[in-house]
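Heads up: the structure comes next, in C-alpha cells.
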Amino acid sequence: MNIRKKLYLNAVLPLALVASIGVVLYMTGRYVSDVTAQERVAADLVKGVFELTTVADEYLLNHSERAQRQWGMKHQSLGQLLSELRSKEQVEEAILARVRSEHQGIRTTFSELTANYEKAAKNQQRQATLAQKQAEVPAVISTGKKVVPNPALQEVVAEQDQAKREAATLRELDTRLVNQLLSKSQAMVSGGLQLARINQNKVTQTERNAALAIFGFVLLTGLGISATSLLINRSVVRPIGQVKQGTEIVAKGNIDYRLGIRTKDEIGDLARTFDQMLDNLKQTTASRDELNRANEELKNSTSALIQSEKMASIGQMVAGVAHEINTPLAYVRSNVEIVKDQMDQTKRMIDAYEELAQALTSGADEKSLGEKFNRVNAMAAEFRESNTVEEVKDLLARGLSGLDQIRELVLNLKNFSRLDRERVTGFNLNEGLDNVLQLAKPVLKSKVKVVKEYGEIPFIACSPSQINQVFLNIITNAAQAIDEDKGGTILIKTARTGDNVQIIIRDNGRGIPPEVLPKIFDPFYTTKKVGEGTGLGLSISRKIIEEHGGAIQAQSAIGKGSIFTITLPSAGAVVELRKRA
Amino acid sequence: MQSSDPTKKKSSGVKRLVALVSVLVAALGAAGFYFSDSLANIRQLSAEAPHDKVSLALGREPLAALAMIALDQKFFDAAGVDVTVKKYNSGALSLKALLAGEAPVATAADIPIAFESLSRQDFAIVATIGSSDNEGRIVARKDRGIQTPADLRGKRIATQKSSAVHFFLHMFLLQHGMTAGDVQLSFMKPDELVKALVKGDIDAFSMREPFASQAMQPLGDNGVVFTQPGLYRKTFSLVVRNDLLKQNPRVVQRLLEGLAQAEAFALREPEKAKDILARGLEAKPAEVAQLWKDSNLMVSLDQSLLVGLEDEAKWIIGSKLSDINQAPSYLDMIHVDALKAVNPVMVSLIH
Ligand SMILES: Nc1ncnc2c1ncn2[C@@H]1O[C@H](COP(=O)(O)OP(=O)(O)OP(=O)(O)O)[C@@H](O)[C@H]1O
Ligand SMILES: [Mg+2]
C-alpha cells in the first residue's frame with residue numbers, strides 16, 4: 001500500500017465509523033419499532049384475554065345469553081389474533097403455543113360451563129314442576145275405608161330427591177369449571193404478560209446492544225485509525241526519518257551509505273532513487289578523484305613546463321647576454337691585442353735604450369754610440385709620431401669601459417636572478433625594470449625605443465626573480481609585437497595608486513585582435529610559430545602576479561598597440577622602504 | 001540540524017503506545033461499568049462459585065420432563081449444583097418423600113400440593129415447570145360392561161389418592177353427572193393400579209401415562225380409554241423445603257437455572273428432549289409424542305397456580321378427603337424470589 005492509499009484509508013475510516021453507527025442506529029430503530037409492534041400485539045392479547053374474562057365474569061353473574069354470545073365473539077376474535085401471531089423466537093413461539101392451547105382449553109371449559117348451566121336450569125325447572133306436582137298431588141289417598149299415603153306423591157318425592165342430587169352435582173361441577181375457566185384465563189394473561197415483558201426486555205436489550213455496538217464500532221474504528229496512524233508512522237514517518245538521517249550521513253561525506261528501504265510506496269521509490277543517485281555519485285566521485293589525480297599530474301607537468309619555460313627564457317637571455325658580453329669583449333680583446341702590438345714597439349725602444357746604455361757604460365766607439373743614439377732618437381720620434389701612447393691609453397680606456405659593460409651585465413644577471421624564489425621585503429620595481437631592460441637589449445635591438453616614466457613608488461615585498469620574469473615576458477612580447485622595419489616605442493610607466501603600485505607597459509606594435517584578447521592569458525595559447533613561442537609567458541605572468549596578490553590585465557587595439565597593466569599591492573611595504581633608506 | 005537520537009525516538013514511541021493502551025483500558029473500563037449489570041448477570045449464572053449439593057425427589061411424570069432433561073444434559077451441573085436423584089412413580093409420592101425428609105426438593109402436581117399443604121406448610125412452590133389439560137386417562141374394561149363414560153356408574157374404580165388423577169376422576173364423573181358416591185372408589189399406588197385392572201380386581205382406574213398404556217397393552221380390545229381434553233388443567237411444580245430456602249437460597253436459583261436451560265433445550269432440540277422423556281418414563285416414543293403435544297413445559301409462576309390450588313383445597317375439604325377443613329394462604333406458600341432472580345419475565349403471579 002502506498003502512502004496515498006494509507007492516508008486515504010485514514011481519511012475514510014472515520015467516515016466508515018459514522019456510516020456504520022448510522023446503520024446500527026437505523027437497524028436498531030427498525031428493530032425497536034418491530035419489537036414495539038410485537039409489544040403492542042402482546043398488549044392486544046392481554047387486553048383480549050381481559051375482555052374475555054370480563055365477559056365470562058358477567059356470564060357467571062347473570063348467565064345472560066348476550067354475555068354468552070359476546071364471550072363467543074371475543075373468543076373467536078382472540079383466536080384470530082392468536083393464529084395471526086408469529087414469532088421467530090422459540091421462547092415466544094412456545095409461549096404463544098401455550099396461550100393457544102389455553103385458548104382452546106378455555107373454549108371447552110366455557111362450553112361445559114354453559115352446558116352445565118343449561119342442565120342446571122332444566123334441573124331447576126324440573127324441581128319446580130315436581131314441587132308443583134307435589135303440591136297438587138294429595139299426600140294421602142283413601143282406598144275405601146283406608147287412608148294410605150299417596151304412592152304418586154312418593155314417586156314425586158323420590159324424583160325430587162334425585163333432581164336435588166343432580167343439582168348438587170351440577171353445582172359442584174359448576175364450581176370446578178368456573179375455577180378452571182379462571183385458571184385458564186390467568187394462564188393466558190400470563191402468556192400475554194410474558195410476551196409483553198420479553199418484548200420490553202428486547203427493546204432494552206436492543207438499545208443496550210446498539211450502545212454496545214456503537215461503542216464497539218467507535219472503539220474498533222478508533223483502533224483502526226490508531227493502527228493506520230501507527231502504520232503510517234511506521235511506514236511513512238519512520239522511513240522519512242531514515243531518509244533524513246541517511247541524507248545527513250551522506251552529507252557528512254559517507255557516500256558508501258545506502259538507505260536500503262524496500263517498501264512499495266513513494267518513500268520506497270524515493271529511497272531507491274536516492275540509493276541509485278548515491279551509486280551514480282560514487283562513480284562520479286571516482287571519476288572526479290581520477291580527474292583530480294590527472295589535474296595534479298597536469299599541475300606537476302605544468303610546473304615542469306614553467307620551469308622549462310623559465311629555463312628557455314633564461315637561455316634566450318643568456319644568448320643575449322653572451323652577445324652583449326661578446327661585443328665589448330671583442331673590442332676589449334682587439335684593444336688589448338693592439339696594446340700588445342704596441343708593447344712590441346715599446347719593447348724595441350726599451351731594447352734600443354738598453355743597448356745605448358750598455359754602449360755608454362762599456363765605452364763603445366762613438367760611431368756606434370752615435371748610431372745607436374740616432375736610432376733611439378729615431379725610434380722615440382717615430383713613437384711620438386705614431387701617437388702610440390695616446391692610442392694605447394685610448395685603447396685601454398675603451399677596454400675598461402667594455403669591461404665595465406660586462407661587469408654591469410653580470411651584475412644585472414645577478415640581480416635578475418637574485419635570491420631566486422625567495423621573497424624580499426623591499427624591492428625597487430624601477431630598478432627591477434631597468435635590470436630587465438638591460439637584459440632585454442638583444443630583443444629590443446635598435447628598432448625599439450624605450451621610454452621610461454618611472455614614478456615615486458614604494459618598495460614592495462615580493463619575489464624579485466619572479467617579478468622580473470613577468471617584466472621580461474611582457475617587455476619581450478611588446479618588442480616582438482613591433483615590426484623590424486617600422487620600429488616602435490615601448491613606454492614603461494610606474495605609479496602609485498592608493499595602496500597599490502601600478503606598472504604600465506605600452507607598445508605601439510601590431511595589437512591583439514579582440515577575439516584573441518580573452519585567450520592570451522590561457523596557457524599554451526600562442527600565435528607564434530611552433531618552437532618560437534610556448535604560449536606560457538602570460539599565463540605564468542598572471543599566475544605570479546596573482547600569487548603576489550595583484551592583478552594583470554591587457555587592452556589592445558589592432559594596429560595601434562597594446563597596454564599591459566600590472567597592479568601590485570604595496571601595503572606594509574612602505575615601512576620597509578624607509579628602514580632601508 | 002541536530003543529530004537524531006534513536007533512543008529518544010523509541011521512548012516517544014513507547015510513550016505513545018502507553019497512551020494508546022491506557023485510553024483503550026479506560027474505554028473498556030467505562031464500557032465495563034456501563035454494561036456491568038449484564039456482566040453481573042453472566043457472573044451470577046456461571047458456576048464459578050463452589051458447587052452446591054442437593055437431592056431431588058423426582059416424580060416420574062410427563063410434566064417432569066424439564067427436570068429429566070436438566071439431569072440428562074447435566075444442566076444442573078452447569079448451573080453449579082450436584083443433584084442426587086431419587087425417583088418416584090408420581091409427583092404425589094415424591095412430595096411425600098420430601099415431607100418425610102428424604103429430599104429437600106421435589107417435583108409435584110397441584111393436587112398433592114393442595115392436599116399436603118392442609119397439614120404442612122414447611123415447604124414452598126418455587127416454580128411451575130409444566131402444565132397440561134389433557135393428562136388424565138380413565139382406563140376401563142369392556143368386559144365389565146363399560147363402553148361409554150356413563151357406564152362407569154356403580155363400577156369399581158381405583159385411583160391414586162390425593163393426586164391429580166384423583167381430581168381428574170372427580171371432574172370426569174361430575175362431567176358425566178356422577179359423584180364419587182355413584183361409583184365404588186378405591187385407592188392404590190400407581191403400579192398397583194395397572195396390575196389390579198389387568199387382573200380384573202377393579203373395573204376401571206383413573207391414571208395417566210405411562211400407566212394407561214401399560215394397562216392397555218395386556219387388555220388389548222378389552223380395554224377402553226376415556227380422555228377429556230380441557231377438563232382439568234394440571235400444573236406441575238418444583239417444591240422446596242423452607243429450611244433449604246432459608247439455608248441456601250442459591251441452590252434453588254441454580255436448580256431453576258438448570259431447568260431454564262432444559263426449557264431452552266426442549267425448544268431447541270425437541271426430538272432429543274422427547275427421547276429423554278421417553279427414557280425417563282420408560283414409555284414408547286409414540287406415547288410420548290402425544291404427551292409432548294399436550295404439555296406446556298415452561299418454568300414460570302403465574303396467577304392460575306393460586307386459583308387452581310385454592311379451588312382444589314376447596315374440593316379436598318368439601319369431599320372430606322382430609323381431617324383439616326381450613327386451607328392455608330397459598331400466596332405465602334409460593335416463593336417468588338428465586339425465579340425472579342433467574343428469569344423475572346416468567347413471573348406473572350401478582351406478588
Ligand atoms: N604586446 C603584445 N602585442 C601583440 N600581441 C601580443 C602582445 N603580448 C602578447 N601577445 C600575444 O599573446 C600571445 C601570448 O603571449 P605569451 O607571452 O603568453 O606567449 P608567446 O609570447 O607567444 O610565447 P613565449 O612567451 O612562450 O615565447 C602571443 O603569441 C601574442 O600573439
Ligand atoms: Mg611571450
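Points worth noting:
- All-pairs Cα distance distribution in the protein assembly as shown, expressed in whole percent, bin size 10 Å: 2, 8, 11, 10, 8, 6, 5, 5, 4, 3, 3, 3, 4, 5, 5, 4, 3, 2, 2, 2, 1, 1, 1, 0, 0, 0, 0, 0
- Average projection, convex hull of the Cα set of region A:75-215: 11.1 square nanometres.
- Surface per residue (accessible, 1.4 Å probe) for the protein assembly as shown, Å²: 52 Å²
- For A:MET73, the solvent-accessible surface with a 1.4 Å probe is about 120 Å², rounded to the nearest 10.
- Cα gyration tensor category, rounded, prolate or oblate, for region B:229-351 with a/c compared to 1.5: oblate
- The angle between the Cα long axis of helix A:266-362 and the main principal axis of chain A comes to about 10°, on a 0 to 90 degree scale.
- The C-alpha atoms of chain B define a longest principal axis, and helix B:190-199 lies at about 30 degrees to it.
- Over all other residues within a Cβ to Cβ distance under 12 Å of A:GLU290, the charged ones net out to -1, with Lys and Arg as +1 and Asp and Glu as -1.
- Accessible-area composition of region B:247-351, carbon plus sulfur, in percent [1.4 Å probe]: 50 percent
- Cβ-defined net charge surrounding B:GLY154, 13 Å radius [Lys, Arg +1; Asp, Glu -1]: +1
- Expressed as a whole percent, the accessible surface of region B:195-241 that belongs to carbon and sulfur atoms is 48, based on a 1.4 Å probe.
- Derived scalar couplings ³J(HN,Hα) [region B:72-79; Karplus, 6.51 cos²θ - 1.76 cosθ + 1.60; whole Hz; x for Gly, Pro]: 4, 8, 6, 5, 5, 4, 4, 7
- For region A:151-306, the Cα gyration tensor yields ellipsoid semi-axes of 113, 11, 6 Å (square root of five times each eigenvalue, largest first, whole Å).
- In plain terms, if you count all Cα to Cα distances in chain B and split them into 10 Å steps from zero, the share in each step is 5, 23, 28, 19, 9, 5, 4, 3, 2, 1, 1, 0 percent.
- Once B binds A, the 1.4 Å probe can no longer reach about 3900 Å² of accessible area, counting both sides.
- Debye log10 I(q)/I(0) at q = 0.16, 0.23 Å⁻¹ for region A:315-408, Cα point scatterers: -0.73, -1.04
- Debye log10 I(q)/I(0) at q = 0.12, 0.15 Å⁻¹ for region B:123-216, Cα point scatterers: -0.36, -0.54
- Whole-Å distance, taken between Cα centres, linking region A:461-521 and region B:226-273: 131 Å
- Taking every alpha-carbon pair under 8 Å whose residues sit at least 6 apart, chain A reaches a relative contact order of 10 percent.
- Charge tally around B:ASP122: other residues with Cβ under 13 Å, Lys/Arg +1 each, Asp/Glu -1 each, net 0.
- In region A:160-202, comparing the full protein assembly with the chain on its own, the residues that lose 30 Å² or more of accessible surface at a 1.4 Å probe are A:THR169, A:GLU172, A:LEU173, A:ARG176, A:ASN179, A:GLN180, A:SER183, A:LYS184, A:GLN186, A:SER190, A:GLN194, A:ARG197.
- Number of partner chain Cβ atoms within 10 Å, mean per residue of B:127-133: 3
- In order through region A:146-161: 3J(HN,Hα) via Karplus (6.51 cos²θ - 1.76 cosθ + 1.60), integer Hz, x for Gly, Pro: 9, 9, 10, x, 5, x, 5, 5, 4, 4, 5, 4, 4, 4, 4, 4
- Inter-chain Cβ neighbour count for B:225-231, averaged per residue, equals 4 (cutoff 10 Å, partner chain atoms only).
- Average Cα contact separation per residue, chain B, under 8 Å, 6 or more apart, as relative contact order %: 24 percent
- Burial of 30 Å² or greater, region B:153-188 residues [accessible area, probe 1.4 Å, versus chain by itself]: B:MET171, B:LEU174, B:GLN175
- Protection proxy ranking, peptides A:43-50, A:556-563, average beta carbon neighbours within 10 Å, highest first: A:43-50, A:556-563
- Exposed loop sites were defined as GluC sites (Glu not before Pro) in DSSP loop states (anything but H, G, I, E or B) carrying at most 15 other C-beta atoms within 10 Å; in chain A the longest segment without such a site runs A:90-421.
- Rounded to 10°, Cα long-axis angle of helix A:429-439 versus longest principal axis of chain A: 60 degrees
- Measure of compaction for region A:345-503 (Cα Rg per 2.2 N^0.38 Å): 1.90
- Region A:315-408 - percent of accessible surface contributed by carbon and sulfur, probe 1.4 Å: 56 percent
The values are calculated or read from the model by the stated rules, or taken from the named source; none is laboratory data. All figures in this text were calculated on a predicted structure; none of them were measured in a lab. Counting neighbours? That spans all protein chains shown, and the Cβs are built from the backbone with ideal geometry, glycine included. To get the accessible areas, we keep the full protein, side chains included, count just its heavy atoms, and leave off ligands, DNA and RNA. Shrake-Rupley method; radii C 1.70, N 1.55, O 1.52, S 1.80 Å.
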